[in-house]
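First up is the structure itself, then whatever we jot down about it.
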Amino acid sequence: MDVSEAISKRCSIRKWKDKGVEKEVLLKVLEAGRRAPSWANVQPWRFIIVQDKKKQKELTIAAGGQETVSSAPVVIVACAVPNDFSKSAERRAIKELIDTGAVPWLTEEILDDVLLKDEVHSPHLLGKEVMTMRAREQVNIAMAYMTLEAVNQGLGSLWVGSIKLQEVRSALAIPEDVVPHAYLVLGYADEKPSPRPRKALGSILVWEI
């Protein structure tokens with residue numbers, strides 16, 4: 001399946017077959033998230049795979065009682081790690097890019113004298129709130145990659161963003177420096193929803209040519 005087909009086939013699923021997700025299939029979905037791009041390649045995400053029904057029930061309560069969470073075979077709790085944008089972590093990630101030759105124009109001198117002193121390039125200079133925002137942005141990218149790979153693997157998925165962070169943190173003993181961001185609920189679909197309406201392409205574009 002190519003990417004365009006996966007995009008066109010993806011839809012939100014809320015009913016699941018009574019069938020578990022094979023570990024090798026789940027790992028392919030998670031690998032897609034690992035491969036997602038991120039600012040300075042810091043990869044500020046962590047994924048908690050929840051298959052214990054008692055824990056899923058707690059996550060359901062934290063999501064306002066959405067029963068599709070507890071009935072699904074797998075819930076991936078995607079978390080953001082703002083401290084991955086700390087100066088030391090950011091420098092380490094960018095240094096790896098330099099060492100692999102991925103950014104031939106960049107040197108350690110430029111990294112230290114320009115990038116890490118420029119708030120446009122270094123979220124750590126703008127404080128915890130900005131680092132948290134940036135980290136959560138990057139998690140969204142990883143989740144999108146996983147959603148498309150789920151389609152490729154024959155899975156249905158549901159993105160659940162309305163969650164009570166402290167309840168999720170408590171249910172899974174997530175440390176304070178890690179931010180629960182959203183759930184990606186996975187399983188084999190037991191429904192075929194009609195296509196959701198989308199705005200016409202012409203209504204969302206502005207051409208500057």
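Which pairs, out of Lys55/Lys199; Lys23/Lys199; Lys9/Lys128; Lys53/Lys199; Lys19/Lys54, put more than 29 Å between their alpha-carbon atoms? Correct reply: Lys55/Lys199; Lys23/Lys199; Lys9/Lys128; Lys53/Lys199. Just so you know, the Rg over Rh for the range 3-191 is 1.03, from Cα atoms, with Rh as the Kirkwood radius.
Excluding same-chain neighbours fewer than eight residues apart, the aspartates and glutamates reachable from Lys57 by a Cα-Cα span under 19 Å are Asp18, Glu67, Glu167.
Applying both filters, DSSP loop and at most 16 other Cβ atoms within 10 Å, to the GluC sites (Glu not before Pro) of the range 1-75 gives Glu22. Amide H contacts under 5 Å for Asp190: Lys15, Trp16, Lys17, restricted to partners 5 or more places along the chain or on a different chain, H placed in the peptide plane at 1.01 Å from N.
As a proxy for reagent exposure, ranking Arg35, Arg134 by other Cβ atoms within 10 Å from fewest up yields Arg35, Arg134. Evaluating 6.51 cos²θ - 1.76 cosθ + 1.60 at θ = phi - 60° for every residue in the range 5-14, the Karplus couplings come out as 5, 4, 4, 5, 8, 5, 8, 7, 10, 10 Hz, glycine and proline recorded as x.
Candidates Gln43, Ile94, Ala144 compared by Cα position along the dipole of the chain: farthest toward the positive end lies Ala144, with charges placed on Cβ.
Put simply, when 139-145, 73-79 are sorted by average Cβ atoms within 10 angstrom per residue, most first, you get 73-79, 139-145. Look at the alpha carbon pairs under 8 Å that are at least 6 residues apart: their mean separation over the length of the range 51-103 gives a relative contact order of 23 percent. Taking a point 7 Å from the Cα of Asp18 along the Cα-to-Cβ direction, the residues of the range 53-78 with backbone N closer than 18 Å to it are 53-54, 68-74.
Bear in mind that the values in this text are calculations on the coordinates, not laboratory data. Model, not experiment: these values are computed from the prediction. Counting neighbours? That spans all protein chains shown, and the Cβs are built from the backbone with ideal geometry, glycine included.
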